[in-house]
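> One structure, pasted below without further comment.
The values are calculated or read from the model by the stated rules, or taken from the named source; none is laboratory data. The structure presented is a predicted model; accordingly, all values stated were derived computationally and were not measured. Reconstructed Cβ throughout: ideal geometry from the backbone, glycine too, with neighbour counts over all protein chains shown. Protein only, heavy atoms only, side chains kept; ligands, DNA and RNA dropped before computing areas. Shrake-Rupley method; radii C 1.70, N 1.55, O 1.52, S 1.80 Å.
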Amino acid sequence: MIEISHLTHIYPGSRKSPPRTAIDDLSLSIETGEFCILSGPNGSGKSTLFRILCGMALPSAGTIRIGGRDLFAEPAEARAQMAVVFQSPAVDKYLSVAENLRLHAALYGLKGGDYAARLEEAIGWTDLKDRLADKVETLSGGLARQVELAKCLLTRPAILLLDEPTTGLDPNSRRNFVEALHKIQRDRKMTVLMTSHIFSEAEDADRVAIMKDGRLLALDSPQALRAQLGHEMVVLQSRHATLLRTRIATDLGLKTRQYGDELRLEETSNGDSLPILEKLLSRYRGEIDSIAIKQPALEDVFIHLTGKTGDSEDEQLETLTR
């Protein structure tokens, strides 16, 4: 449904800065009816890709086909298949819920009985039925996001693009929004591409794409990505991580990865990490602040591939992805 081929985008330089490559020969296919999460550290190119997909920017090179239509040669036909939920609010907070929905419908020529049927369908999953007369500015963040999504669903899109749609929501509202999104996607067999680096949001996706420096590092199911790191890993924190890493390599012949004050042993023999943990504690207990055996999560895959630790949940909710 979305076919990206050899896409490159270079921001021109200036007197003070050289040209910057935001997307570097990226090829990516999203299947019909698939729910795909696009993740990556800040500056990875996610938002640039999103702007290009929405028709807000033209790439330096490459092609994109949306439902078989060339996005750049047939922009109207390609965009007609899509709806977009932006990171920043795209509803008028001074209008009521109903006024926002009616205005959006009018832009697409929806009126009368057709609009009434679409409205009932679009808000059927929401908590907005008794709040249609309320101004958007009086709604909670979670309800305001429901208005954004309901607005998009009025047009019955085949493809839904979402850019960090849960930014600013509390954990409960975020979870409810994502659960509702999955249900709508399954019921309508929509193709969904959503940018996020809140890893819990990616656990139920069909596939997760991870970018860094404009390149695609991985594209697979959450289960397959976690399996790349094995069944268990040992993670320890130390104020003397660099020195301890050298000693572990010299004394025990164990290879670790270091991320700040954190050391990770991602490959343990036969998946049996307990003997390694005990050996580390017996030799370096005084230099270890914390240590644990854990099963790899998507965040661990992200760290392994990008070399970046995940932001805290509060930071993730407030981060604007470049």
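> Report the FRET efficiency, 1/(1 + (r/R0)^6), for Leu243 and Asp170, where r is their Cβ-Cβ distance and R0 is 45 Å, rounded to 0.05.
0.65
> Given springs between every Cα pair under 10 Å in a Gaussian network model of the chain, which of Asn172, Asn100, Asn42 has the largest fluctuation?
Asn172
> Let me see the P(r) profile for the stretch 130-240: every Cα-Cα distance counted, bins of 5 Å, each bin given as a percent of all pairs.
The distribution over the stretch 130-240 is 2, 9, 17, 19, 17, 14, 9, 5, 4, 3, 1, 0, given as percents.
> Largest first and in whole Å, what are the equivalent-ellipsoid semi-axes of the stretch 1-154 based on the Cα gyration tensor, each being the root of 5 times an eigenvalue?
34, 19, 14
> Between the stretch 272-300 and the stretch 40-95, how many Å separate their Cα centres?
Between the Cα centres of the stretch 272-300 and the stretch 40-95 lies a distance of 44 Å.
> For the stretch 20-168, calculate the relative contact order in percent as a whole number, restricting contacts to Cα pairs under 8 Å that are 6 or more residues apart.
Contact order relative to length: 27 percent.
> Explain nothing, just compute: Karplus ³J(HN,Hα) = 6.51 cos²θ - 1.76 cosθ + 1.60, θ = phi - 60°, for every residue of the stretch 112-121 in order, whole Hz, x for Gly and Pro.
x, x, 5, 5, 4, 5, 5, 4, 4, 5
> Tell me whether the stretch 104-171 comes out rounded, prolate or oblate; compute the Cα gyration tensor, take square roots of the eigenvalues as a ≥ b ≥ c, and use a/c under 1.5 as the rounded threshold.
It comes out oblate by the Cα gyration axes.
> Quick one: length gained pulling Lys16 to Asp213 fully straight, 0.36 nm per residue minus the C-alpha distance?
Computed gain between Lys16 and Asp213 is 68.8 nm.
> Of all accessible surface on the chain at a 1.4 Å probe, what whole percent is carbon and sulfur?
So the carbon and sulfur contribution to the accessible surface is 48 percent.
> Here's a follow-up. Rounded to the nearest Å, what's the spacing between the alpha carbon centres of the stretch 101-170 and the stretch 230-252? Just the number, please.
50
> If I take the Cα coordinates of the stretch 70-193 and project them onto the principal axes, what are the three extents in Å, biggest first?
Principal-axis extents of the stretch 70-193 (Cα, largest first): 42, 34, 26 Å.
> Can you work out ³J(HN,Hα) from phi for every residue in the stretch 4-10, in order, using Karplus 6.51 cos²θ - 1.76 cosθ + 1.60 and θ = phi - 60°, giving whole Hz and x for Gly and Pro?
Each residue's phi maps through the Karplus curve to give 9, 10, 6, 7, 9, 9, 10 Hz.
> Taking only Cα atoms, what is the 0 to 90° angle, nearest 10, from helix 171-188's long axis to the longest principal axis of the chain?
The two axes meet at around 60 degrees.
> If I model a spin label at Arg51 and Asp204 as a point 7 Å from the Cα along the Cα→Cβ vector, what separation in nanometres do I get?
3.2
> Another question about this same structure. Quick one: helix 97-107 against the long Cα principal axis of the chain, what's the angle to the nearest 10°, folded into 0 to 90?
70
> Which whole-Hz couplings ³J(HN,Hα) result when phi for each residue of the stretch 258-265 is put into the Karplus expression 6.51 cos²θ - 1.76 cosθ + 1.60, θ = phi - 60°, listed in order with x for Gly and Pro?
10, 10, x, 8, 10, 10, 10, 9
> Ok, one more. Among Thr242, Tyr115, Pro275, which residue has its Cα furthest toward the positive end of the charge dipole of the chain, with +1 on Lys/Arg Cβ and -1 on Asp/Glu Cβ?
Thr242
> Return one whole number: the accessible area per residue of the chain in Å², for a 1.4 Å probe.
The answer is 49 Å² per residue.
> Cut-off 10 angstrom, C-alpha nodes, Gaussian network model of the chain. Which of Met56, Met190, Met82 fluctuates the most?
Sorting by GNM fluctuation, first place goes to Met56.
> Along the charge dipole of the stretch 1-98, Cβ charges K/R +1 and D/E -1, which of Ala57, Leu28, Tyr94 sits furthest on the positive end?
Tyr94
> Considering the chain as a Gaussian network with a 10 Å cut-off on Cα pairs, which listed residue, Leu71, Leu49, Leu244, attains the greatest mean-square fluctuation?
Taking springs between Cα atoms under 10 Å, the residue moving most is Leu244.
> Work out the charge dipole of the chain with +1 on the Cβ of Lys and Arg and -1 on the Cβ of Asp and Glu about the Cα centre, then indicate which of Val208, Leu103, Phe72 is farthest towards its positive end.
Value: Phe72.
> Any chance you could tell me what percent of the C-alpha pair distances in the chain go past 27 Å? The partial results should precede the final answer.
Working: 26918 of 51681 pairs.
The proportion of pairs with Cα distances above 27 Å equals 52 percent.
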